Ligand code: GLN
């Protein structure tokens, strides 16, 4: 009830939730009370969570922040949310995002922007919460939920976590099932937890992760005890600092927070090692070929015939055009155009196929680095939260926000973003830990020591 009260007080300003499911939440909370009384209470019993509105939830509207799915009510529950419910969680509602998870500021939602709960000192400017999981990040930061789910295709858990001063984990690709999550770029999409602390994220990930025969890319591997990894000793752990992440023109506040992270880990007994990930500079360019290509294919299903919004026309062709013309926002249309272009005959080899080859090189960079080190430390984003209006008319400027998060997505390796301090204006800055495939435990161990 306290969390619902906070939602009632704050949501009209922050706009973190698209749908608040008060009745459902209170019903689940009553069941939780009974379970607690009976002593048969799984780990998340009664824990109030916010669910990114990209996860299909049975009988609860699931919009992907798009007009085209405005009235879509799924008849099924995603695997990740089923896992959370099975462990006793209470769902407060569905959180705002960039339409189909495409964006870095939560400015592309058909249901309006989300306001970052943080403000610059002596300045009332509307700051973005990051994106695309901006609603989830803002809900946790403003205490409108104890934890949340996000999805990360190129940084959508980690960058909003950094902008809102919270913690988030993008697990290894294949760790959490994608079944029932509305697809953006299927070879990159991963679900993950967002919460205040590393330990909270570890507890949530424990429930979210696991093999699912309904997702052919989910991996059949035992889920370790993530919580037990918190506060492990870091003595002798090798931490890599990738030189290519010292992007030219990096701001001094980001440089300073990175150095502070290095100093903390030295004090904790880690060995700091300089490493090179030479193909980093191609990360963004290849991501913005592969992600739109897969998106253009995934979004072909929204045709006005099978489900979602339909805008009729004089012919079938016109029905498609009208439905998609009215249903999709500008950024989604831009991605579909880019994606169909790079996949079209004559350009496929030059763009899509080449990007796939470079992707392999990016992956190989990480594997080479992990022969020398156990984990990498980098900044999460190139700046603190920016104001609404900045970067808004320039999609390429917006894409540059993903410079530190995209390479790990391309390689499929896990990443953890955690708050590391405040800048001069009082805004949170984040650090990112990147690990070996399926070694979320080391990220949790290092992250919990840095809190
Ligand atoms: N900002 C990136 C994009 O717009 C990443 C989004 C995401 O991870 N879903 O594609």
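The values are calculated or read from the model by the stated rules, or taken from the named source; none is laboratory data. It should be emphasised that the depicted structure is a prediction, and the values quoted were computed from it without experimental measurement. Reconstructed Cβ throughout: ideal geometry from the backbone, glycine too, with neighbour counts over all protein chains shown.
Do you know which residues across region 398-425 are assigned to a loop (DSSP other than H, G, I, E, B), surrounded by fewer than 24 Cβ atoms within 10 Å (Cβ to Cβ) and within 11 Å of the ligand (Cβ to nearest atom)? Within region 398-425, just 403 meets the criteria. With the requirement that a residue be assigned to a loop (DSSP other than H, G, I, E, B) and at pLDDT below 95, what does region 237-258 give you? Within region 237-258, 246, 247, 248, 249, 250, 251 meet the criteria. Of everything listed in (1) closer than 25 Å to residue 252 by Cβ; (2) surrounded by fewer than 24 Cβ atoms within 10 Å (Cβ to Cβ); (3) in contact with a helix residue (DSSP H, G or I) (Cβ under 8 Å, 6 or more places away or on another chain), the single unmet condition for residue 395 is (1). For residue 169, all conditions in the list (1) over 26 Å from residue 16 (Cα atoms); (2) surrounded by 24 or more Cβ atoms within 10 Å (Cβ to Cβ) hold save one; what is the number of the exception? Going through the list (1) over 26 Å from residue 16 (Cα atoms); (2) surrounded by 24 or more Cβ atoms within 10 Å (Cβ to Cβ), residue 169 breaks only (1).
Within region 337-365, the set of residues being within 16 Å of the ligand (Cβ to nearest atom) and surrounded by fewer than 20 Cβ atoms within 10 Å (Cβ to Cβ) comprises 337, 338. Among the residues of region 429-444, those that are surrounded by fewer than 23 Cβ atoms within 10 Å (Cβ to Cβ) and more than 15 Å from residue 193 (Cβ to Cβ) comprise 436, 437, 438, 439, 442. Residue by residue through region 97-115, note down the ones that are in a loop (DSSP other than H, G, I, E, B) and within 14 Å of the ligand (Cβ to nearest atom). Once the filter is applied, which keeps residues that are in a loop (DSSP other than H, G, I, E, B) and within 14 Å of the ligand (Cβ to nearest atom), region 97-115 yields 97, 98, 102, 103, 104, 105, 106, 107, 108, 109.
Looking at region 128-166 only, could you name the residues that are surrounded by fewer than 24 Cβ atoms within 10 Å (Cβ to Cβ) and under 16 Å from residue 13 (Cβ atoms)?
Across region 128-166, the qualifying residues are 142, 143.
Residue count for region 180-208, restricted to those that are part of a helix (DSSP H, G or I) and either more than 18 Å from residue 91 (Cα to Cα) or in contact (Cβ under 8 Å) with a residue 60 or more places away in the chain (or both): 10. Just to be sure, is residue 105 over 16 Å from residue 194 (Cα atoms), in contact (Cβ under 8 Å) with a residue 40 or more places away in the chain and crowded, with 24+ Cβ neighbours inside 10 Å? So residue 105 fits the description; yes.
Within region 297-322, if we keep just the residues that are crowded, with 20+ Cβ neighbours inside 10 Å and under 30 Å from residue 347 (Cα atoms), the residue that is modelled with the lowest pLDDT turns out to be 304.
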